[in-house]
Each structure stands twice: as structure tokens, then as C-alpha cells.
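Colleague: Here you go, one structure.
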Amino acid sequence: MEQRHLGRTGLRVSRIGLGTLTWGRDTDEHDAADQLKAFWEAGGTLVDTADVYGGGEAEYLLGQLVERLVPRRDLVVATKAGSVPDPDRRFDGSRGHLLAALDESLARLGTDYVDLWQVHAFDPATPLDETLQALDIAVSSGRARYAGVSNFCGWQLAKAATWQLAAPGVRTRLASTQMEYSLLQRGVEREVLPAALDLGVGLLPSSPLGRGVLTGKYRHGTPTGSRGASEILGPFVEPYLDETADSVVDALLTAADGLAATPLQVALAWVRDRPGVVAPIVGARNAQQLAAALSVEALTLPDEICQALDDVSAPVHRYPDQDWSTL
């Protein structure tokens, strides 16, 4: 699998990442082991998790599998901290919470360091410089090799990345930002992607298959056993089951038929090769689903197909989200 630099850093990662959102909850140890082994054998390196996935079970399960199945040195382990199970405060970006969460993550993962540590979301109740200082401490102490953020909007990312660049050698530059990005969710193109490109921050798209809708499986209803049929994940899928999604999926089916490919492959190839994208993060229930996603490595979309998909999924950009002089 092709390797790409993560932002303007020396860290290289596979251009498809393995997500672990369902590990320890819907994905058991056997299926997780099969996925990790298949991912590694395909040349994959980037494995993405978070301290809240499965209530910590995803990190624990990953820690149990690494070394037993795959050499630690062959993986780029990325985790996140900052989300908290508190209805009054969904995110805690305080230095104390983040560093304590990192230590707990390392214990669950059974490792002395993570390759990439990310703030899971922006915390408006904590000064941003305090949040970012936690990243500096994590890197300077050796507990994290690189640092990034997740779910920061355009101005938040620009402020954070610029703050880190203001003191080179003292503060840790942001390597990445993880955001939802797909043919059904192109909101990052308004401000997040331009900021990331300008400041040298690599984009790691989550839900690159439109929460599963871009596979085409929901075209004629919600299949039993799918995430859309799940009590927990059903509300996550439901917003993308509308007429807009139908038109995009129809275009995908047409493109896939012409390329002798699947809608999944076409949707994943489209987002993988967008400007600024480093590695879409793909989650799967089992190794068979993962293999279907990894098969996209052999596919590059023709320019005409990319343009057609761009057109059918185009978001509305109006003042001030684009150059005002062109309006």
C-alpha cells in the first residue's frame, strides 16, 4: 500500500487507515484480530482508535493484539482524548484531563508511546493554549511522537496550527486533523481544508463511505444486521438516508458499473485522492468487509468520473466561503 507523509512532517502512514470505533463493542477479539492481520499483510500501517471507543475496550483490544499478531514497529498507532461521558460537558480539553487520559490510553494499549495523539474535539471551556500545551508535554516527554486535532472547524484549526507554528522548536506543530469527509459530507472543503493545506496539516477523513450509505446497501431499505439497523448506530446513519444521498449513490452505481468496480471502491478512491487528504479511516465489521475496502489500492478514478461525482455532490459555497471577487 502506498505510504504518504502526514502533513508537513516526516511521519509516513498508509493511505488507508484502519478504524476501531466498534472494537470491543460490536467487533469481538476474533474479528478484530482478522482485521488487523489482513490490514498489516496488505501494507497498512495507520490504526486509529480513541479512549472512548467501546468505553476503552477498543484500545485494550488493540493492545492485546499488537506484538502477538503484528510487530509494534510496523504500526502507526493513533489515539484520541478529550471526549467525556458527561451530559453537561461533552469535551474536556484541560491539560490535566488530557494528560491523565493519555496515561490511561498507554496502559490499555500496553505501549510506552503512541505515534499520533489527537485532541478529540474543541473544548470552548478551556483556553486553547492550555489544550495545546498538553500536546507539547506529551511529545516532549516521549509519550507521543506526533500530535493532531479532530473535529476542529476552520477557525479553530487555523488558530491552533498557527499558535503551534509561532514557536518552532518549542511547540509541536500539528501533523493532522481528523474530520468527517465523503461524497455525502463535503463541509470541510469550505474552510477546514483550505486552512489545513495552507498550514501543512494532513487531513484524515473519518466516515469516508458516508456512514456506510455510499456502499449502496441502503438503496432499497435498511438491511438487517447493518449499522443503520443498530439501536446505537442507527441514528448515526439516518441523516444520510435522504434524496440527496440517493442521487449521489445513483451516480456512484453508474460510475462503478462503467469501471467494473463497486460503489464502495469508487467512493473511497474519490475521497482518498482529494487534495490535502492523507488517509481515509475505514471501519469494518469483519475482515471480508475490510478486504473490500483495501482492494481500492488498485483503483485510480479517471478525471471524467471525478468531475461527474464532484458535480452531483457539490456543496453550496457562498460568501464568505470563497473568493468574494468571483461572486
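Colleague: Considering the range 162-192 alone, what residues qualify as being under 25 Å from Q133 (Cα atoms) and polar (S, T, N, Q)?
Modeller: Keep residues of the range 162-192 that are under 25 Å from Q133 (Cα atoms), which gives 162-179, 191-192.
Across the range 162-192, the qualifying residues are T162, Q164, T172, S176, T177, Q178.
Colleague: While we're on this one: Name the pairs whose Cβ atoms lie under 7 Å apart, with the first residue in the range 39-55 and within 17 Å of V278 (Cβ to Cβ) and among the β-branched types (V, I, T), the second open to solvent by 20 Å² or more (accessible area, probe 1.4 Å) and outside any loop (DSSP other than H, G, I, E, B), and 6 or more positions between them or separate chains?
Modeller: Cβ pairs passing all conditions: T45/D74.
Colleague: So, in the range 245-291, of the ones that are assigned to a helix (DSSP H, G or I), within 27 Å of K80 (Cα to Cα) and small (G, A, S), which residue ends up most open to solvent (accessible area, probe 1.4 Å)? Talk me through it step by step, then tell me what you get.
Modeller: First pass over the range 245-291, keeping only residues assigned to a helix (DSSP H, G or I): 245-259, 263-272, 287-291.
Filter once more, so that each one left must be within 27 Å of K80 (Cα to Cα): 264, 267-272, 287-291.
Imposing the further condition that a residue be small (G, A, S) reduces the set to 267, 269, 287, 291.
Numbers: A267: 2, A269: 2, A287: 20, A291: 57 Å².
Once the filter is applied, the top-ranked residue is A291.
Colleague: Moving to a separate point now. Just for the range 1-57: of the residues that are of a type in the set (S, T, Y), modelled with pLDDT of 95 or more and open to solvent by less than 10 Å² (accessible area, probe 1.4 Å), which one is farthest from the chain's Cα centre (by Cα)?
Modeller: Initially, the range 1-57 is screened for residues of a type in the set (S, T, Y), giving 9, 14, 20, 22, 27, 45, 49, 53.
Restricting the remaining residues to those that are modelled with pLDDT of 95 or more gives 9, 14, 20, 45, 49, 53.
Checking the rest, the ones that are also open to solvent by less than 10 Å² (accessible area, probe 1.4 Å) come to 14, 20, 49.
Working: S14: 13, T20: 10, T49: 9 Å.
The residue in question is S14.
Colleague: Additional query: Mind listing whichever residues of the range 229-244 are open to solvent by less than 40 Å² (accessible area, probe 1.4 Å) and either touching a Leu at 6+ places or on another chain (Cβ under 7 Å) or among the polar types (S, T, N, Q) (or both)?
Modeller: As a first pass, look at the range 229-244 and keep what is open to solvent by less than 40 Å² (accessible area, probe 1.4 Å): 230, 233-234, 237, 240.
Listed by number, the residues that qualify are S230, Y240.
Colleague: Considering each residue of the range 114-151, count those that are open to solvent by less than 50 Å² (accessible area, probe 1.4 Å), under 19 Å from R72 (Cβ atoms) and not in a strand (DSSP E or B), and give that number.
Modeller: Total satisfying the criteria: 3.
Colleague: State whether one or more residues within the range 310-319 are closer than 28 Å to L6 by Cβ, open to solvent by 70 Å² or more (accessible area, probe 1.4 Å) and of a type in the set (D, E, K, R).
Modeller: No, that holds for no residue.
Colleague: Is one or more of the residues making up the range 55-68 in a loop (DSSP other than H, G, I, E, B), of a type in the set (D, E) and closer than 20 Å to L106 by Cα?
Modeller: Taking the range 55-68 first, the residues in a loop (DSSP other than H, G, I, E, B) are 67-68.
Now restrict to residues that are of a type in the set (D, E): 67.
Imposing the further condition that a residue be closer than 20 Å to L106 by Cα reduces the set to 67.
Yes: one or more hits.
Colleague: Among the numbered criteria (1) modelled with pLDDT of 95 or more; (2) open to solvent by 20 Å² or more (accessible area, probe 1.4 Å); (3) within 19 Å of the chain's Cα centre (by Cα), which single criterion is violated by R190?
Modeller: For R190, the exception is condition (1).
Colleague: Restricting the search to the range 84-109, which residues are open to solvent by 70 Å² or more (accessible area, probe 1.4 Å) and either assigned to a loop (DSSP other than H, G, I, E, B) or touching a residue at least 40 places away in the same chain (Cβ under 8 Å) (or both)?
Modeller: Taking the range 84-109 and keeping what is open to solvent by 70 Å² or more (accessible area, probe 1.4 Å), we get 85, 87-90, 95, 103-104, 107.
The answer is P85, P87, D88, R89, R90, R95, D103, E104.
The values are calculated or read from the model by the stated rules, or taken from the named source; none is laboratory data. If you're wondering where the values come from, they're calculated on a predicted model, not measured in any experiment. Neighbour counts are summed over all protein chains in view; Cβ atoms, including those assigned to glycine, are modelled from backbone coordinates with ideal geometry. Surface accessibility is based on the protein's heavy atoms, side chains included, excluding ligands, DNA and RNA. Shrake-Rupley method; radii C 1.70, N 1.55, O 1.52, S 1.80 Å.
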